[in-house]
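First comes the structure, then the notes that go with it.
The values are calculated or read from the model by the stated rules, or taken from the named source; none is laboratory data. Small disclaimer: the values here were computed from a predicted structure and weren't measured. Virtual Cβ from ideal backbone geometry, glycine too; neighbours counted across all protein chains shown. In case anyone asks, the SASA skips ligands and DNA or RNA and just uses the protein heavy atoms, side chains included. Shrake-Rupley method; radii C 1.70, N 1.55, O 1.52, S 1.80 Å.
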Amino acid sequence: MVDNLDTRLAKLALKGDQRAFAEIVDLYKDKLFHLGYRMLSNRHEAEDVVQETFLRVYKNLDRYDPKQKFSTWIYRIATNLCIDRLRKRKPSFSLDAELNDQDNTDGYALIPGDERTPESEYMLTETQQLIHQAIDSLPDKYKTVMVLRYLQELSLQEISDVMDMPVTTIKTRVHRGREFLRKKLENKL
């Protein structure tokens, strides 16, 4: 039986302890934001995913099984929310086409600005930027496992639990994701 801080906090939160839930939020908000941002490449959507994850955790605490790791459960919720958003995004349209309901605006006007500060830009090396761009360009099924494996540093078993897939499938996706990355990066690094 898993009995660690997260599990104890979940049990206390289930009994109505608001401070325990606040501590869960403190423990996971940055990790979940990082996961959401890496998967969605959009700060606002990542923030929305974090909020929605905590809402679902709060509403469904009674469904949490203390026999499994709390981190796996919360990552599964966040990952599924990200995947749902990626699926909803799929319609493609030309950025050059004029939009009907807005005056002389094209698709380029809808692209969110890059909200990096000079300090954060300085901290990200050119190599890191190339790697992150390559990960961002992966097909969703590979991107999800690569983000969980290399940016969230989850084990293959934890990713298997989060995504509710066999470990063998996760290993295959990690391998193929690495191959995609190798091809994308071989001329750039």
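Set side by side, the residues LEU61, LEU9, LEU5, LEU14 differ, and just one is over 30 Å from GLN133 (Cα atoms), open to solvent by 90 Å² or more (accessible area, probe 1.4 Å) and of a type in the set (A, V, I, L, M, F, W, C), which is LEU14. Look at the range 8-20: where a residue is of a type outside the set (Lys, Arg) and a partner is part of a helix (DSSP H, G or I) and open to solvent by 50 Å² or more (accessible area, probe 1.4 Å), sitting 6+ places away or on another chain with Cβ atoms under 6 Å, you get LEU9/GLU23; ALA20/LEU12.
Note on the range 1-32: among residues that are in a loop (DSSP other than H, G, I, E, B) and within 17 Å of ASP62 (Cα to Cα), the one that is modelled with the lowest pLDDT is VAL2. With respect to (1) surrounded by 12 or more Cβ atoms within 10 Å (Cβ to Cβ); (2) within 17 Å of SER71 (Cα to Cα); (3) in contact (Cβ under 8 Å) with a residue 24 or more places away in the chain, the lone exception for ASP164 is condition (1). Report, by residue number, each residue of the range 34-52 that is in a helix (DSSP H, G or I) and open to solvent by less than 50 Å² (accessible area, probe 1.4 Å). Within the range 34-52, LEU35, GLY36, TYR37, ARG38, MET39, LEU40, GLU45, ALA46, VAL49, VAL50 qualify. Within the range 152-162, does at least one residue satisfy the condition of being in a loop (DSSP other than H, G, I, E, B) and at pLDDT 90 or above? So far as the range 152-162 goes, yes, one or more of its residues are in a loop (DSSP other than H, G, I, E, B) and at pLDDT 90 or above.
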